[in-house]
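Have a look at the structure below, then the notes.
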Amino acid sequence: MAQLCLARGFTLSFESPKSTSLSLFKHGELAYDHVMLLPPKSKGLGPNLAPNVLVDYVNKDGNILLVLSADQPTPSAISSLLLELDIALPPERNALVVDHLNYDVKSAAEKHDVLLLPAPKSLKPGVKDYFSVGGILAVPRAVGQVLGNASPLLAPILKAPSTAYSYNPKDDAETMEDPFAVGEQLSLVTAFQARNSARFTVLGSAEMLEDKWFDATVQKPDGSESATANKKFAEKLSAWTFKELGVVKVGHLQHYLNEDLGTGRNLTLPDFTQTYDGLYRIKNKVVRLAHPFATPPSPC
């Protein structure tokens, strides 16, 4: 994953979550344009990555890619932060998603915890498809998320299949009666776009980003084999989160003096093939027209 970001021109800094020198802000401004939070081995993230700090970071237009893993219990601070975004995680800290019909026979013949899913398509009708890469995605040991219905800022990028469910390996499978969530109730990858257009993405499987899954050959229960598209999906997901995709850019800005203000007459637009050479005074009213290169992005 680091190589993918370096190849796209990013400068990377690696910090321990409990480092005393770590700060997301410098002189009141963002110290980093984007933050990627990997599963920590400790039970917490430290005071410099407290939920209120991360919320302030998003409010300052910072983008966050949060990566979860069933092998590393999610810190309670992260669970609380996600609840503020209307994203719920399983109460069992070691719960993962399994599917007895859609799994990799080579790596998960017994546990069925490496899901094989088709790449996602458009999130909603009328929304541009940013995450379609073709092929099969391998999703190992994923932490499932349940999204609230109230927020228009949330959208599942990748849903679990209808036969999947969230399972705690410490429980006896034969006596499990009330799973956390099942089927398409579970989101494996979730997009949140704040009202200021800052982006917060939750990736439920850290192993999806490992090199071994970027070029792996997987086998479905029916015996068919195929190569994974994890690398292309990781590129698309990180590019959307870090605002390389789906961003409105102003291509051309035109302006002219609004000399008819208050007259009640309809304005006649000037000839935009000519450059306005007049002078604007301090309190003059100016009309500005911005021409975007793209339509407004939204995961919702």
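A short reminder: the numbers here are calculations on the coordinates, not readings from a lab. Quick caveat: nothing in here was measured; it's all calculated off a predicted structure. All Cβ positions, glycine included, derive from the backbone under ideal geometry; neighbour counts span all protein chains shown.
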Out of the DSSP beta bridges found with both residues in segment 2-241, what percent are antiparallel (nearest 5)?
-> 75
Lys/Arg Cβ at +1, Asp/Glu Cβ at -1, dipole of segment 51-154 taken about the Cα centre: which of VAL53, ALA142, LEU115 is farthest positive-ward?
-> LEU115
Residue order, fewest to most beta carbons within 10 Å, for GLU29, GLU84, GLU15 | GLU29, GLU84, GLU15
To two decimal places, what compactness ratio does the chain give when its Cα radius of gyration is scaled by 2.2 N^0.38 Å?
-> 1.22
Angle in degrees between helix 230-241 and the longest Cα principal axis of the chain, rounded to the nearest 10 = 40
Measuring from label point to label point, each 7 Å out along Cα→Cβ, what is the ALA194 to GLN3 span in nm?
-> 3.4
Within 10 Å of each residue's Cβ, count the other Cβ atoms and sort PHE214, PHE192, PHE233 from fewest upward.
-> PHE214, PHE192, PHE233
What's the FRET efficiency of SER122 with ASP61 using the Cβ-Cβ distance as r and R₀ = 22 Å, to the nearest 0.05?
-> 0.30
Simple SL model, points at 7 angstrom along Cα→Cβ for LEU83 and SER107; separation in nm is 3.3
Filtered hits (lysines, Cα-Cα < 24 Å from LYS220, offset >= 8 within chain) -> LYS106, LYS111, LYS121, LYS159, LYS212, LYS231, LYS232
Under the Kirkwood approximation applied to all pairs of distinct alpha-carbon atoms, what is the hydrodynamic radius of segment 99-205 in Å?
-> 15.0
A chain fully extended from ALA50 to HIS100 at 0.36 nm per residue, minus the present Cα-Cα distance, gains in nm 14.3 nm
